[in-house]
Amino acid sequence: MPFFAGGAFGLIVMGLWIFCLVDVITTVDGTTRNLPKMGWLLIVLLLPLIGSILWLVAGRPERVGGPYQGPRSRFPEYERPGRHVAQSPEDDAEFLRKCRERAEQQRKAAKPREES
């Protein structure tokens, strides 16, 4: 029985270690806490159990709003709340109609200046 308990503990530690290694590697540079990303990678690599626990407690970037929000975009302007995204073709058609009207107004305003 003690062999099984040791083997199960070893598997748990290995799973935690692999999870933390992948998490450190996929974390965006500059978002880690307390140390640079390479420092955390070395700690997790060299000290599997303690390094993994330290990473989860003191190094992993904080995620606002919950435990997981999905992958972060490299373009923060796309994550802005309230960003307009057309929900239907009618919304796009209205926008395009306004663009055409404005372009026509600009053409009419530029015509007298070209003729002078």
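Tabulated data
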{"item": "Derived scalar couplings ³J(HN,Hα) [region 16-23; Karplus, 6.51 cos²θ - 1.76 cosθ + 1.60; whole Hz; x for Gly, Pro]", "result": "4, 4, 5, 4, 5, 4, 5, 5"}
{"item": "Full-extension gain in nm, K108 to E94, via 0.36 nm per residue minus C-alpha separation", "result": "2.9 nm"}
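Every number in this text was worked out from the coordinates using simple rules, so none of it is lab data. All figures in this text were calculated on a predicted structure; none of them were measured in a lab.
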